[in-house]
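Peer 1: The structure is given below, and queries will be raised subsequently.
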Amino acid sequence: MQDMGLASIRQSAKNLYDKEISRYKNYVNQQFDVKQPNQVWVSDVTQFRYNEKSYYICVIIDLFARKVIS
């Protein structure tokens, strides 16, 4: 982002993430070698604004197939 001259609008996002991560148990514990489908799903939610409206994108991935399922 720095190379392209881009900056995050929300500078405090990293600090908030560091504070929130201590609240939740890490069940996956970085062990992404899943033996069968539908054992472990991971997700991410992203919010962005376009033309003064907020939009949210949530992606859910099955770690066995490494494909988006929703």
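The values are calculated or read from the model by the stated rules, or taken from the named source; none is laboratory data. All figures in this text were calculated on a predicted structure; none of them were measured in a lab. Positions of Cβ are backbone-derived with ideal geometry, glycine not excepted, and every protein chain shown enters the neighbour counts.
Peer 1: Considering each of 48, 32, 64 in turn, give the residue that is farther than 25 Å from residue 13 by Cα and either at pLDDT below 90 or polar (S, T, N, Q) (or both).
Peer 2: Details: 48 fails: farther than 25 Å from residue 13 by Cα; 64 fails: either at pLDDT below 90 or polar (S, T, N, Q) (or both).
Unique residue meeting the criteria: 32.
Peer 1: I'm trying to understand the selection: among the residues of the stretch 54-70, which are assigned to a strand (DSSP E or B) and among the aromatic types (Phe, Trp, Tyr)?
Peer 2: In the first step, residues of the stretch 54-70 are kept if they are assigned to a strand (DSSP E or B); the result is 54-62, 67-68.
Residues satisfying the conditions are 55, 56.
Peer 1: Separate question: Return only the number of the condition from (1) out of contact with any Ser or Thr (no Cβ under 9 Å at 6 or more places or on another chain); (2) surrounded by 10 or more Cβ atoms within 10 Å (Cβ to Cβ) that residue 60 does not satisfy.
Peer 2: Only one criterion is unmet by residue 60, namely (1).
Peer 1: Return the total of residues in the stretch 18-53 being surrounded by 10 or more Cβ atoms within 10 Å (Cβ to Cβ) and either charged (D, E, K, R) or outside any loop (DSSP other than H, G, I, E, B) (or both).
Peer 2: Of the residues in the stretch 18-53, 6 are surrounded by 10 or more Cβ atoms within 10 Å (Cβ to Cβ) and either charged (D, E, K, R) or outside any loop (DSSP other than H, G, I, E, B) (or both).
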